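Asks: Got a structure here, written out as structure tokens. Questions coming.
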Amino acid sequence: MLKPLYIVLGSISLVLGIIGIVLPGLPTTPFLLLSAYLYMKGSPALHKKLVENRYLGGRIRRYEKNKGLYRYEKTYSIVLMWIMVSISAWLIISNVNLRIVVLAAACIGTAVVWFWVPNARK
């Protein structure tokens, strides 16, 4: 009964993760990891398809293998996110309210990556 709900939520999370690739401030990795988890619960076939995806599967495989992300991977992700957010917020966006929303989303994304995503075990 919950399997269709897991599949729908996993698909929504996957779409947000893909949008996060091009939209600064929206974290990609946590959404992809959430999608993998939800697909694992709802449809092993969709989970397998996501994990084996050429573009998105690498991070998920490393995460599942290491049970988290290494600190340098987290740092690298956060630095890249803030570079893109800074370019968007200070060079592209002229509306102050939208700039605040983008910066707030980046702060939330940073907190999610740093505190919510577990550290990998060696």
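Asks: Could you count how many residues in segment 68-79 are exposed (fewer than 12 other Cβ atoms within 10 Å of the Cβ) and either under 17 Å from residue 21 (Cβ atoms) or modelled with pLDDT under 85 (or both)?
Replies: So the first thing to find is which residues in segment 68-79 are exposed (fewer than 12 other Cβ atoms within 10 Å of the Cβ), and the list is 71-72, 79.
Now drop any that are not either under 17 Å from residue 21 (Cβ atoms) or modelled with pLDDT under 85 (or both), which leaves 79.
Here the count works out to 1.
Asks: Name the residue that is farthest from residue 13 (Cα to Cα), counting only residues in segment 92-107 that are among the aliphatic types (A, V, I, L, M) and surrounded by 12 or more Cβ atoms within 10 Å (Cβ to Cβ).
Replies: My answer is 93.
Asks: Would you check if residue 62 is more than 16 Å from residue 37 (Cα to Cα) and of a type in the set (D, E, K, R)? I'd like the intermediate steps shown before the answer.
Replies: Numbers: more than 16 Å from residue 37 (Cα to Cα): no; of a type in the set (D, E, K, R): yes.
Spelling it out, it is not the case that residue 62 is more than 16 Å from residue 37 (Cα to Cα) and of a type in the set (D, E, K, R).
Asks: Might you let me know whether segment 85-108 holds any residue that is within 30 Å of residue 48 (Cβ to Cβ) and either in contact (Cβ under 8 Å) with a residue 12 or more places away in the chain or not in a helix (DSSP H, G or I) (or both)?
Replies: No: zero hits.
Asks: Another question about this same structure. Within segment 27-51, which residues are within 23 Å of residue 101 (Cβ to Cβ), surrounded by 21 or more Cβ atoms within 10 Å (Cβ to Cβ) and aliphatic (A, V, I, L, M)?
Replies: Selection gives 32 alone.
Asks: Filter segment 68-122 for residues that are over 18 Å from the mean Cα position of the chain (by Cα) and of a type outside the set (Val, Ile, Thr) and give the result.
Replies: Hits for segment 68-122 are 86, 88, 89, 90, 91, 94, 95, 97, 98, 99, 121, 122.
Quick grid of which residues meet (1) of a type in the set (A, V, I, L, M); (2) modelled with pLDDT of 90 or more; (3) surrounded by fewer than 13 Cβ atoms within 10 Å (Cβ to Cβ):
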{"position": "54", "(1), (2), (3)": "no, yes, yes"}
{"position": "65", "(1), (2), (3)": "no, no, yes"}
{"position": "90", "(1), (2), (3)": "no, no, yes"}
{"position": "109", "(1), (2), (3)": "no, no, no"}
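Asks: If you take the residues of segment 111-122 that are in contact (Cβ under 8 Å) with a residue 40 or more places away in the chain and within 15 Å of residue 79 (Cα to Cα), which of them is surrounded by the most Cβ atoms within 10 Å (Cβ to Cβ)?
Replies: The selected residue is 113.
Asks: To continue, here is another question. Would you mind finding the one in 73, 64 that is more than 29 Å from residue 88 (Cβ to Cβ), among the charged types (D, E, K, R) and part of a helix (DSSP H, G or I)?
Replies: Only one candidate qualifies: 64.
Asks: Which of the numbered conditions does residue 66 fail, given that it passes all the others? Conditions: (1) in contact (Cβ under 8 Å) with a residue 40 or more places away in the chain; (2) over 19 Å from residue 117 (Cβ atoms); (3) out of contact with any helix residue (DSSP H, G or I) (no Cβ under 7 Å at 6 or more places or on another chain).
Replies: Of (1) in contact (Cβ under 8 Å) with a residue 40 or more places away in the chain; (2) over 19 Å from residue 117 (Cβ atoms); (3) out of contact with any helix residue (DSSP H, G or I) (no Cβ under 7 Å at 6 or more places or on another chain), only one is false for residue 66: (2).
Asks: Scanning segment 15-54 for residues that are outside any helix (DSSP H, G or I) and within 14 Å of the chain's Cα centre (by Cα), which turns out farthest from residue 119 (Cα to Cα)?
Replies: Going through the qualifying residues, I end up with 23.
Asks: Continuing with this model, one more query. Given the options 48, 65, name the one that is out of contact with any Ser or Thr (no Cβ under 9 Å at 6 or more places or on another chain) and farther than 21 Å from residue 12 by Cα. Working first, answer last.
Replies: Numbers: 48 fails: farther than 21 Å from residue 12 by Cα.
Just one listed residue meets the conditions, 65.
The values are calculated or read from the model by the stated rules, or taken from the named source; none is laboratory data. Bear in mind that the values here come from a model prediction, so they are computed numbers and not experimental data. Positions of Cβ are generated from backbone atoms using ideal geometry, with glycine treated the same way; all protein chains shown enter the neighbour counts.
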